[in-house]
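These notes are about the structure you will find just below.
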Amino acid sequence: MNRRTLARLALVVAVAPSAGCGDSNATSDTDGGSCVAALRGGELVITEYMPDPKGSDADGIEWIEVHNPGTAPVSLTGVGLVSSKADGTDAKGHLIQDSVEIAPGGYMTFGAVTDETRPEYIDYGYGTDLGSMSNTSGLLTVRCGDVVVDEVLYDATRIKDGVSTTLDGQVAPDATANDDLTKWCTAPTDGEPYFTTEFGSPRQPNAACPLAAPESCGQCYDGGVLRDAVGPQAGQLVISEVMANAGLTSETVGEWFELQVTGGAFDLNCLQYGSNTTKFASDPESAQVLQQPECFEVGAGDTVLFSQKQWEETDVVIKLTLSDSPSDSNPSPGVFIAYGGEILDELHYPKPKDGVAWSLDPGATTVAGNDDPANLCLAYNAFAEGDFGTPGAPNPVCLKSPCDDGGTVREAVAPVPGASSSPRSTPTCRPASASRAASGSSSSPPSRSTSTACSSASRPPTSTSPSRASSACRSAPASSCWPAAAPPATC
């Protein structure tokens, strides 16, 4: 807790009587009353304040939150609240004369309202005694006679319209810790407001403050401790699957690509990625960069999913559009990853099919393996609403003619000539678009399942010939309908 001069501690604050709290609560000084609890420094802690409510200060409600870190109730009778400029001048105060108590471990809010008009989130109204808090900088003080129990200095960097300023919820509320401006932040706004459009956590423990961004993306926080990021080495990351053109699910699924970690343990902080290697060669800064305060640690065997939409499997949400055909500015569409301006891996794919990912055979998961088009195949496992791929999961083996054998996709087995005299039926291929449309438009995260896009119009009698296994594909080879329509045929 900052210690000011004795003159500051004995500051006399002239205030006008509060219409809301009555003359009994107004005082001509905040250190002249008798503090029932005889508090010492640090026995109460300021943990949150709202200096800039929505609208004008006259319309909104400013408030201060105080926490009792002790194990016993604390009487607030005789405690003074003071608001002043950052240098302590222009101070205004309010002396609590009512019988008010704050429970052990409890939080209490004091607001610029009358007791008759205070909303539920305000425990005690001090009327207009503190005036209007500054929206740029100021000093808030809790006093017990001549003792400064706690005080907080604030500045404009952590003040936001309609959002309270909170002490980091990861820090135990302490009258010394709250002297550090870096331990304060604006309250999160991604949840429910506590009142109409105002955000904060009055009368409750605070949320954790986001970590301050390191000075460079080459550093990251590991368990709250700042350290240098460990970058990947050549060959440790391989692009293993790419959805360059999502199908009917584009609004909820979108495009994505996937990396496999083939060795080592390192951080992905500072990883560069993009879809135009030609542009990257002349302008390395054109790549997108993975930046986050926390260390993004990965190890051998991990799968890392970069996607335009946030799913349960997503590791990195990207703002990247993948190309599906060559152009003058991007003659070789693909995906690349780089570190420090040096490309680690790149995958250039043939023209994609709508809603079908290009998948790398797991036996070729190397930076050289994905250079060979023979190791790429069109994905045959359905996910989400009917697109095909295995985002966030290991790739299945590439199949030339995949077919569905009772829920298991396998290579189709060609019939043995002369094994059966029964004519084989021709499979009826349901278009992939029809399959997707029939499944609806749910925005739930992708769930991987096996597709049955092609099915036989009629099945021949089961052959008893020993030369033909009962598990043989009982439709024409899947290549007759895949990939022209949708994968895979039914065995």
Report yes if some residue within region 321-336 is among the hydrophobic types (A, V, I, L, M, F, W, C) and under 16 Å from A374 (Cα atoms); otherwise report no.
no
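For a quick check of your reading: which strands (runs of 3 or more DSSP E) sit entirely within region 118-227 and have at least 1 residues that are of a type in the set (K, R)?
The strands (runs of 3 or more DSSP E) meeting that bar are 137-144.
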Search result, residues across region 102-117 that are outside any loop (DSSP other than H, G, I, E, B) and more than 34 Å from the chain's Cα centre (by Cα)
I102
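Which fully enclosed strands (runs of 3 or more DSSP E) of region 348-404 have 3 or more residues being under 30 Å from the mean Cα position of the chain (by Cα)?
In region 348-404, the matching strands (runs of 3 or more DSSP E) lie at 358-360, 381-383.
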When both residues are 6+ apart or on different chains and their Cβ atoms are under 6 Å apart, which pairs have a first residue that lies in region 321-338 and is acidic (D, E), and a second that is modelled with pLDDT under 90?
D324/N245; D324/P352
Of the conditions (1) within 15 Å of E346 (Cα to Cα); (2) surrounded by 15 or more Cβ atoms within 10 Å (Cβ to Cβ); (3) not acidic (D, E), C270 fails just one. Which one is it?
(1)
Looking at region 357-365, is at least one residue touching a strand residue (DSSP E or B) at 6+ places or on another chain (Cβ under 8 Å), closer than 23 Å to D267 by Cβ and touching a residue at least 40 places away in the same chain (Cβ under 8 Å)?
yes
Going through region 253-285 in order, the residues found to be under 24 Å from A384 (Cα atoms) and not polar (S, T, N, Q) are V253, G254, E255, W256, F257, E258, L259
Hits in region 140-190 (condition: aliphatic (A, V, I, L, M) and free of Cβ contacts under 8 Å to residues at least 12 places away in the same chain):
A177
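The values are calculated or read from the model by the stated rules, or taken from the named source; none is laboratory data. What you see is a predicted model; the values in this text were computed from it and never measured. Note that we place each Cβ from the backbone using ideal geometry, even for glycine, and neighbour counts take in every protein chain shown.
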